[in-house]
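Each remark here refers to the structure printed beneath this line.
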Amino acid sequence: MRIIIGDDDRMMISSYRRLLREIKIDEASESNELVEKIKQSNYDLIITDNDYEDGIENGGIEAIKGIRQFNQTTPILLQSGELNEEKRKWALEAGANYVLEKGELSELMKIIGEYIKWLMFTTHKSKQGDTLIKRM
């Protein structure tokens, strides 16, 4: 499994790395960098902060809009330290699958755990030995 995390908070990135130490993690510190890395590589899950210090208002939501122009299937989880119902609505309309208050690490781990289980049961080899089939 491969995850990309978009966040400019080094302490949050360290927390993710400790919690997800068995998973390959790439990172981006700006919303535009996140979009470019996703264009270049395949990920099983995208986690992004909404509030980057790159000068783009609601940078995470804007990144999701950009990602959904070329990738409609990879699940995206948006976190925001200043989450309200309006931002939640915007994020879901942009294409986020999950929206959480930043710092809700137990809820984040629950979602990732459920996703890993789902991925394990939906990725399989056929009896003829065909290539892996991933249903998203």
Taking the alpha-carbon centre of each part, the distance from segment 68-91 to segment 17-49 in Å is 15 Å
Expressed in nanometres to one decimal, the distance between label points 7 Å along Cα→Cβ at residue 41 and residue 85 is 3.9 nm
Computed from the beta carbon distance with a Förster radius of 22 Å, FRET efficiency for residue 65 and residue 118 to the nearest 0.05 stands at 0.30
Once both label points are put 7 Å beyond Cα along the C-beta direction, the residue 106-residue 53 separation in nm becomes 3.0 nm
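At a threshold of 8 angstrom on Cα-Cα distance, excluding pairs fewer than six apart, so keeping six or more, what relative contact order does segment 2-134 reach in percent? Show your work: numbers first, answer last.
Working: 190 pairs, mean separation 24.4, N = 133.
With pairs under 8 Å counted, the relative contact order is 18 percent.
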Matching label for the computed percent of Cα pairs over 28 Å apart, out of (1) 8; (2) 22; (3) 15, is (3)
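Of the chain, which part is the longest with no GluC sites (Glu not before Pro) in a loop (DSSP not H, G, I, E, B) and with at most 13 other C-beta atoms within 10 angstrom? Please list the in-between numbers first.
On the way: sites that count: 22, 53, 57, 82, 104.
It runs 105-136.
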Residues whose modelled amide H sits under 5 Å from the amide H of residue 28, counting only those 5 or more places away in sequence or on another chain, are 5, 6, 7
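Every number here is computed from the coordinates shown, using simple stated rules; none is lab data. From a predicted model like this one, the values you see are computed outputs, not experimental measurements. Positions of Cβ are generated from backbone atoms using ideal geometry, with glycine treated the same way; all protein chains shown enter the neighbour counts.
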